[in-house]
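Asks: Following this message is one structure expressed as structure tokens.
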Amino acid sequence: MESCTSVRIYVVVDNYVDMLSANEEHVKRLRMDYQFSPKGGIVQADSGICFVIDTFNGKTLMSRVMIDSGFESSVTLHNMKLLGIDPKSIEHVLLSHGHPDHFGGMLGVLRAIHHKVPFTVHSDAFIPRSIITNITRADWINKKLTKASLGKNGAVIKETSKPAKLGYAIMSTGMVERKIEFEKEVPKGRFQIIGGKLIPDEIKDDTNIVINVKGKGLIVLSMCGHSGIINTVRYAQKITGVKKIYCVMGGFHLGHPDIPKGKIEKTVNELVKMDAKYVVPLHCSGLNFKFKMMQKAPSRFISSGSGTVMDF
Ligand SMILES: [Fe+2]
Ligand SMILES: [Fe+2]
């Protein structure tokens, strides 16, 4: 896999906004002073996630990729404006999986992109799915995600379960190999609807992102963490042939009440053991994970949220 000389990662949407932490090496935030200034605006959190990623060769911008869309396009487009991102400049879109907190804003953002754009996705994202628990039953949560509506709004769909190039030095993993014992866990209450029957949903469409940065190593981005974050990092190493891990970022799916006992501690230990220089938990990673990661390895922990820009 080729490597870029630097990368800029915009967290366009996350479930949280950190408007107080100071800027630091690699990290700038749309902080309170910007948000309340007449030229700025209030950056918004939403129940979802969206990244825009620029990769560079020297000073030359080589590619701009958007990963997921957040839940509401109004929030995503509002935050893009504050971050100075013109949607029309997006060259490739990846949808990580068929959950509404990742695709909900997609049609609105595609309309704002306003040109035909390559759109990479695993075909399982389109299989009808439901959430059934003892307090809720949500049928066909991905009903609005159709190939026809995506195509009508400019997406040129490429369905794949394999690793795929998204741009310069940035690729998607496709379906992640799941080998780590403590991450073998079929989420409770999630189903695919196949032939009218409810089938337990392993969310095999879960696709993640890897960026290779010259002299630093891999940046691995997980969007919702359904494959397990350690599985995802191991698989990223396997498909790229690059062992060194520089940064692990995204939704690690450790914030839910039914997370098995000890899983958070094991995940923290593995991330430290693999010597990830930075760990940036977002979206569904959960407060417990953030707390334990910050306690165990404060120098590796980066606090992030909507409106954070990271340069590596
Ligand atoms: Fe998800
Ligand atoms: Fe999610």
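No value in this document is a laboratory result; all are computed from the given coordinates. Because the structure is predicted, anything quoted here is derived from the model rather than measured. Because the Cβ atoms are built from the backbone with ideal geometry, glycine has one as well, and the counts that use them run over all protein chains shown.
Asks: Cβ neighbours within 10 Å, averaged per peptide: list 46-54, 193-201, 21-29, 126-134 in order, most packed at the top.
Replies: 46-54, 126-134, 21-29, 193-201
Asks: Then there's this: Going by average Cβ density within 10 Å per residue, which order do the peptides 84-93, 178-187 take, highest to lowest?
Replies: Top to bottom by mean Cβ count within 10 Å: 84-93, 178-187.
Asks: Give the relative contact order (percent, whole number) for the chain; include only Cα pairs under 8 Å separated by 6+ residues.
Replies: Relative contact order here is 20 percent.
Asks: Note down the relative contact order for the range 211-312 as a percent, whole number, built from C-alpha pairs under 8 angstrom at least six residues apart.
Replies: Contact order relative to length: 26 percent.
Asks: Please report how far the C-alpha centroid of the range 243-312 lies from that of the range 1-50, rounded to the nearest whole angstrom.
Replies: Computed from Cα coordinates, the inter-centre distance equals 17 Å.
Asks: Each residue of the range 241-256 in order: what ³J(HN,Hα) in whole Hz does its phi give by Karplus 6.51 cos²θ - 1.76 cosθ + 1.60, θ = phi - 60°, with x for Gly and Pro?
Replies: x, 9, 8, 5, 9, 9, 8, 10, 9, x, x, 9, 6, 10, x, 7
Asks: Ordered by residue, what ³J(HN,Hα) values in Hz, to whole numbers, does the range 154-165 give under the Karplus form 6.51 cos²θ - 1.76 cosθ + 1.60, where θ = phi - 60° and Gly and Pro are x?
Replies: Working through the residues one at a time gives x, 6, 9, 6, 10, 8, 7, 9, 9, x, 9, 6 Hz.
Asks: For the chain, what is the charge dipole size about the Cα centre, in debye to the nearest 20, if Lys and Arg each add +1 at the Cβ and Asp and Glu each add -1 at the Cβ?
Replies: 400 debye
Asks: Also, I was wondering about something else. Contour minus end-to-end for Lys158 and Asn57, with contour as 0.36 nm per residue of separation and end-to-end as the Cα-Cα distance?
Replies: 33.7 nm
Asks: Using 0.36 nm per residue of separation minus the Cα-Cα distance, give me the extension gain between Trp140 and Lys238 in nm, one decimal.
Replies: That pair, Trp140 and Lys238, stretches by 31.8 nm at full extension.
Asks: Let me ask you something else. Just want the answer: with Cβ charges of +1 for Lys and Arg and -1 for Asp and Glu, which residue in Met32, Cys284, Gln192 is farthest toward the dipole's positive end in the chain?
Replies: About the Cα centre, the residue reaching furthest to the positive side is Gln192.
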